[in-house]
Amino acid sequence: MKEIKILKNSIQEYAWGSFTAIPDLLGLKKPSVNPMAELWMGAHPKSSSEVDVNGKSITLIQLIDQFPEDTLGENAAEKFGNRLPYLFKILAAGKPLSIQAHPDSNQAKAGFEKENRLGIPLDAPHRNYRDANHKPECICALTDFWALCGFRKIRDTLSYLNDVCPKSLGSQLDDLYQQPDNAGLKNFFSALMTISDKKRKEVVGEAIESARPLAEKSLVFDWMLKLHKEYQDDIGVLSPAFLNLICLKPGDALFLNAGELHAYLAGTGIELMANSDNVLRGGLTPKHVDVQELLSVLTFEEKDLKVIVPDAINAFEKVYSERAEEFVLSVISVKTGETYTVSQKRTAEILLCVDGGAVISGEDRLEEITLNKGVSVFVPAAAGQYRIEGEARIYRAAI
């Protein structure tokens, strides 16, 4: 199986999605009837992409099952058990997503096996582990993209929260002041997550009242007000004060390891991750929050955010340096009259055109595929060398 295949992808409709971003990318009517949150490209069991084979539509999972070495490459097929190890997405946040973190490999395997033993259905709303895989991920901005990622410097957390809720969180802030280290940070976050409903409303109420006159001077307090508008008394309303707040510019990216608390707030981005759906939530959501399980997977340490910009490897392609063994992200730019010839030594790839249009063809040029904005293709390892011609910007996911 050497043919490059156009992908038919599924759209996930979640309440936080955008009514315009994904329709604009795909050339659909906008605004959409329902919010479109994610476009999935890959072979995840929950919602696999489909391809056409001899006039019949089959899932990408089925294609890889039939031709694992041709599609993935011999080494990758052996290493990842004949499965595509990454999931490629467009993420369109019209509203803030939940605060969340993902487990490492050992935690995912243990959690998945435990919940299986307990007989918890895979689609149960209170299930934490839907597979046995870890979920490192990379988010790359297509528009200005607001996010929270990793715990702030403790001194900054103390400063912001003393400005807005010195009374209701007085004892917790005093404890963190006395123990400004990883253990103190864990104790402080645990206290926030386990306070009573009555106390939580008191804390959020004081914080929002105090934040209003400060919002014009600080984006931290401005975002607290925005989160309160959507999530009312959720303790996650305080998260801009204890998590790093950042606005990625188009082309900028963040890499998130296991255990890093984060939330995506607004904007459209490319997301590339290990092929997993394991999420442990920590606020800004009506969904299940398992506090003790979340605490067991989180990394409690101050984090300096590292914004990743891609490095040029040739005249056409730039690669994002941070990567996991399951994936690497790059961006290809071609102009009219140029031809980018891609190496024959490859693994399974998914290409997505986000601007312009191009033609992709195999080494023999017997078949050409038009890659317009919103079109994605699966390039099997056995396809060998291929060419891209046109004027376009294309994101590439690979192993």
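Would you check which residues across region 347-399 are outside any loop (DSSP other than H, G, I, E, B), more than 28 Å from the chain's Cα centre (by Cα), hydrophobic (A, V, I, L, M, F, W, C) and surrounded by fewer than 22 Cβ atoms within 10 Å (Cβ to Cβ) and list them? Passing the criteria: 359, 369, 382.
Look at region 2-28: where a residue is touching a residue at least 40 places away in the same chain (Cβ under 8 Å) and a partner is crowded, with 21+ Cβ neighbours inside 10 Å and part of a helix (DSSP H, G or I), sitting 6+ places away or on another chain with Cβ atoms under 6 Å, you get 2/383; 4/383. All of (1) surrounded by fewer than 22 Cβ atoms within 10 Å (Cβ to Cβ); (2) over 19 Å from residue 14 (Cα atoms); (3) more than 22 Å from the chain's Cα centre (by Cα) hold for residue 229 with one exception: (2).
Looking at this structure, is residue 38 under 21 Å from residue 285 (Cβ atoms) and modelled with pLDDT of 95 or more? Yes: the conditions hold for residue 38. Of all residues in region 278-307, those that are at positive phi have Cβ atoms under 6 Å from Cβ atoms of residues that are assigned to a loop (DSSP other than H, G, I, E, B) and surrounded by 17 or more Cβ atoms within 10 Å (Cβ to Cβ), 6 or more apart or on another chain, in 283/234; 284/96; 284/98; 284/234. Among residues of region 67-94 that are over 21 Å from residue 40 (Cα atoms), those with a Cβ under 7 angstrom from a residue that is modelled with pLDDT of 95 or more and of a type in the set (Asp, Glu), sequence gap 6+ or separate chain, pair up as 77/69. The number of residues in region 143-160 that are of a type in the set (A, V, I, L, M) and crowded, with 22+ Cβ neighbours inside 10 Å comes to 2.
Going through 183, 253, 266 one at a time, which residue ends up being over 30 Å from residue 325 (Cβ atoms), of a type in the set (Gly, Ala, Ser) and touching a Phe, Trp or Tyr at 6+ places or on another chain (Cβ under 7 Å)? Steps first, answer last, please.
Working: 183 fails: touching a Phe, Trp or Tyr at 6+ places or on another chain (Cβ under 7 Å); 253 fails: over 30 Å from residue 325 (Cβ atoms).
The unique qualifying residue is 266.
Considering region 26-81, and only residues there that are among the charged types (D, E, K, R) and assigned to a loop (DSSP other than H, G, I, E, B), the residue that is surrounded by the fewest Cβ atoms within 10 Å (Cβ to Cβ) turns out to be 29.
The values are calculated or read from the model by the stated rules, or taken from the named source; none is laboratory data. Nothing here was measured: the structure is a model prediction, and the numbers come from that model. Every residue, glycine as well, gets a Cβ built from its backbone with ideal geometry; the counts of neighbours run over all protein chains shown.
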